[in-house]
Structure formats: C-alpha cells, structure tokens
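Notes follow the structure.
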C-alpha cells in the first residue's frame, strides 16, 4: 500500500495529497462558475497559487479570484495577476507541486 505524501501550502500542513485536494475542492464547490470568491476563501486559494508557482507571489500581485470553467468543462479557480494576466489553476496539479519531498 502506498504511503501518504504530505503537502505544505504556505503555513498549512496536510497529511496527504488527497486531504489537501479535498480541502480546496470543498472551497471550489461553494461557488458557481462566474462567481467571485469571498475574502477568506480567496486568501487560501492565493496561498495555494503562490506556493504552486501559478502566481509570482502569494497574493501580492493579484486583484481577485473567481470560479470559471476550464479545460474539458471542469470548474476551476482563476486569478487576475498584474504580472501574468489571468491565470487558471488546476487544484490537483497545484497541490501535487506542493508535496513535501521526504528522503529515506
């Protein structure tokens, strides 16, 4: 059986990739495509985007976060950054990029 891979997003630690992905998917499912994300949720999403390298820094250059329809018709987060324009983020890809590498 494979072992859990811990994930660290900014100051938040998750026991596994699935736990982190579930946390951010829960936030995503609170909104419909086109809706702007509230301030509390936006802070968490921007931390993930910054930690995953989607945005240059965790929120400093971002104006707002909203839910949109991405590739293959799936809902995802998008952020408008002054440095990169609009960026769409895959939660799974972002969470995996924040996985903690443990050397045996």
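Structure summary
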quantity	calculated
Label-point separation, residue 10 to residue 25 (7 Å along Cα→Cβ), nm	2.2
Efficiency of FRET from Cβ geometry, residue 3 and residue 39, R₀ 30 Å, rounded to 0.05	0.25
Proxy reagent accessibility, fewest Cβ within 10 Å first, across 48, 28	28, 48
Fewest-first sequence of 36, 21 by Cβ atoms within 10 Å of each Cβ	36, 21
Taking the range 7-97 and dividing mean pair separation by its residue count, relative contact order in percent (alpha carbons under 8 Å, at least six apart)	27
Cβ-based exposure ranking for 100, 37, 7, in which fewest neighbours within 10 Å come first	100, 37, 7
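Quick note: the coordinates plus some simple rules give every number you see, no bench work behind them. All values derive from a computational prediction rather than experimental measurement. Neighbour counts are summed over all protein chains in view; Cβ atoms, including those assigned to glycine, are modelled from backbone coordinates with ideal geometry.
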